[in-house]
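These notes are about the structure you will find just below.
The values are calculated or read from the model by the stated rules, or taken from the named source; none is laboratory data. Note that the structure is predicted; figures quoted are calculated from it, not measured. Don't worry about glycine lacking a Cβ; one is built from the backbone with ideal geometry, like all the others, and counts go over all protein chains shown.
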């Protein structure tokens, strides 16, 4: 039995009660009407109504029992008939009976079909009611306008009240419909997930059967199956992460969390190998105690861990002697396992997992962690390649500082932040003096050396929050956040002196260069991004006019 059939069954039961009440009233000849001028006999109207509703109830029972006969359309027809019967045959009676009989079908229509059909049937009933008033008062000898208007006003109020009630119930219907649609969507999604789970289950079952054929003991088979499932799920997670996470730190943080969850260990640490310093460093760990973390960081470059990395041979230690391993001091470790992160092309680091209990790890754990290590190594390599590509797209290939494309992105972000936070933002444009003469005199190769030296000299003397970019040719631009015009001038004077005092050498060539600087500052000299660049450029132009190797500041606003 579907929902509308259940609604219909409730309606049938309510109408049985209503029929009994009306029939009782008819037997006891209660005064059900209020208007003494009713033209038709009330008993005939009541008998016809009871007979009609009784017949309709029997028909509804037949339809409700047969699921093939009952539909939304049938539901609408039944409600329309009930409204028609109520509106026509209960007119001579008191408003309470008529409106009670009217509310029942319209309420169920509003919560099942919404407001459209409800308003239509309510309007139909209202028209009949108004027509009845004009007929009743029209056949009287004296037409009392006051009574007519009062009756009309009373009907309008009642029907407005009914309209509000049904509007609320229609709203409830609308919300229920949305909830049902959302539930249907969720059920469909759950169905799809169930199918995926069923497919995965079949796949696991096939694996189980293959393992069962190749093993003699059921206990070993179950262990291997459980291990395979865990490994499959873990490797799937790592594979998905490798495909979606290109940031090395984010990736390693995710992998570290997966290892802790899957292996059930107390501590998991990822160590990366710094090729320039030839040392291991702690990249990610769940050790939060500062003292324990410091002990680990100070002792990861021990002979044992470096040998594991260099020889690419993992280690399982299930009976840990705390005096033997300095990197686990104070942490009461019973077992640990260490696996290298490496590919043929490069050694990336180590994965170190630790447990407080003895005899925790086995060869299955080692196999899983080794497989994950290979995946993580490939992911690190991919992430580094991606980072290199990103750097190539944003860094000037000759000077090693940012290019003009990156400058515009960074400048827009810094300017927006300065506007929001209300702090000063200085912009400096510098130009190497007589650079063309250097190129013509010493050649373009030495000119490239000059560009590199000047760029690195400036870069090495900036704060971490400052930015230098090659603006074009021999021009560079500096972004100095939280720097006033006076602070910028002091900083630039230092840079100017530094550049002028630097002797640039390349083979047999030795020379010094100078640079001219133009400074502008938001909000002291410029009020917008375009103006800030323009004002700094104009200041640079004035510096060149004033003999070069000097600094010019853009005039203040106002």
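Here are the numbers for this structure:
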read-out	value
Region 87-110 - residue that is closer than 21 Å to residue 168 by Cβ and crowded, with 22+ Cβ neighbours inside 10 Å and, of those, modelled with the highest pLDDT	105
Those residues of region 241-257 which are touching a residue at least 60 places away in the same chain (Cβ under 8 Å) and either surrounded by 13 or more Cβ atoms within 10 Å (Cβ to Cβ) or in contact with a strand residue (DSSP E or B) (Cβ under 9 Å, 6 or more places away or on another chain) (or both), in sequence order	241, 242, 245, 246, 248, 251, 252, 255
Only one of 499, 479, 519, 468 that is part of a strand (DSSP E or B), closer than 13 Å to residue 454 by Cβ and touching a strand residue (DSSP E or B) at 6+ places or on another chain (Cβ under 8 Å)	468
Some residue of region 320-339 being more than 25 Å from residue 261 (Cα to Cα), touching a strand residue (DSSP E or B) at 6+ places or on another chain (Cβ under 6 Å) and assigned to a loop (DSSP other than H, G, I, E, B)	no
Given (1) modelled with pLDDT of 90 or more; (2) out of contact with any strand residue (DSSP E or B) (no Cβ under 8 Å at 6 or more places or on another chain), index of the condition residue 272 fails	(2)
Contacts under 7 angstrom Cβ, first residue in region 345-373 being farther than 19 Å from residue 249 by Cα, partner assigned to a helix (DSSP H, G or I), 6 or more apart	354/328; 364/227; 365/263; 368/231; 368/234; 371/235
Yes/no for residue 427 being surrounded by 19 or more Cβ atoms within 10 Å (Cβ to Cβ) and touching a residue at least 60 places away in the same chain (Cβ under 8 Å)	yes
Conditions (1) more than 17 Å from residue 103 (Cβ to Cβ); (2) surrounded by fewer than 11 Cβ atoms within 10 Å (Cβ to Cβ); (3) modelled with pLDDT of 75 or more; number of the one not met by residue 47	(2)
Helices (runs of 4 or more DSSP H) wholly inside region 368-462 containing at least 2 residues that are within 16 Å of residue 480 (Cβ to Cβ)	404-421, 444-460
Verdict on residue 397 being out of contact with any helix residue (DSSP H, G or I) (no Cβ under 6 Å at 6 or more places or on another chain) and either surrounded by fewer than 22 Cβ atoms within 10 Å (Cβ to Cβ) or more than 17 Å from residue 285 (Cα to Cα) (or both)	yes
Residue within region 503-512 that is touching a residue at least 60 places away in the same chain (Cβ under 8 Å) and either assigned to a helix (DSSP H, G or I) or under 39 Å from the mean Cα position of the chain (by Cα) (or both) present	no
Flag if residue 527 is loosely packed, with under 15 Cβ neighbours inside 10 Å, in the same structural domain as residue 410 (by TED's automatic domain parsing), under 42 Å from the mean Cα position of the chain (by Cα) and not in a helix (DSSP H, G or I)	yes
Restricting region 358-385 to residues that are under 20 Å from residue 344 (Cβ atoms) and out of contact with any helix residue (DSSP H, G or I) (no Cβ under 9 Å at 6 or more places or on another chain), the residue that is surrounded by the fewest Cβ atoms within 10 Å (Cβ to Cβ)	385
Conditions (1) modelled with pLDDT of 70 or more; (2) under 42 Å from the mean Cα position of the chain (by Cα); (3) under 28 Å from residue 57 (Cα atoms): number failed by residue 173	(1)
Residue 479 vs. criteria crowded, with 20+ Cβ neighbours inside 10 Å, at pLDDT 95 or above and under 23 Å from residue 397 (Cβ atoms)	yes
Test for residue 306: is it in contact with a helix residue (DSSP H, G or I) (Cβ under 7 Å, 6 or more places away or on another chain) and without any contact (Cβ under 8 Å) to a residue 40 or more places away in the chain	no
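Residues checked against (1) modelled with pLDDT of 70 or more; (2) over 30 Å from residue 105 (Cβ atoms):
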residue: 180; (1), (2): yes, no
residue: 183; (1), (2): yes, no
residue: 197; (1), (2): yes, yes
residue: 209; (1), (2): yes, yes
residue: 214; (1), (2): yes, yes
residue: 218; (1), (2): no, yes
residue: 227; (1), (2): no, yes
residue: 265; (1), (2): yes, yes
residue: 268; (1), (2): yes, yes
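Rundown of residues vs (1) in the same structural domain as residue 522 (by TED's automatic domain parsing); (2) in contact (Cβ under 8 Å) with a residue 60 or more places away in the chain; (3) farther than 20 Å from residue 394 by Cβ; (4) surrounded by 16 or more Cβ atoms within 10 Å (Cβ to Cβ), yes/no style:
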residue	(1), (2), (3), (4)
451	yes, no, no, yes
459	yes, no, no, yes
469	yes, yes, no, yes
485	yes, yes, yes, yes
490	yes, no, yes, no
494	yes, no, yes, no
497	yes, no, yes, no
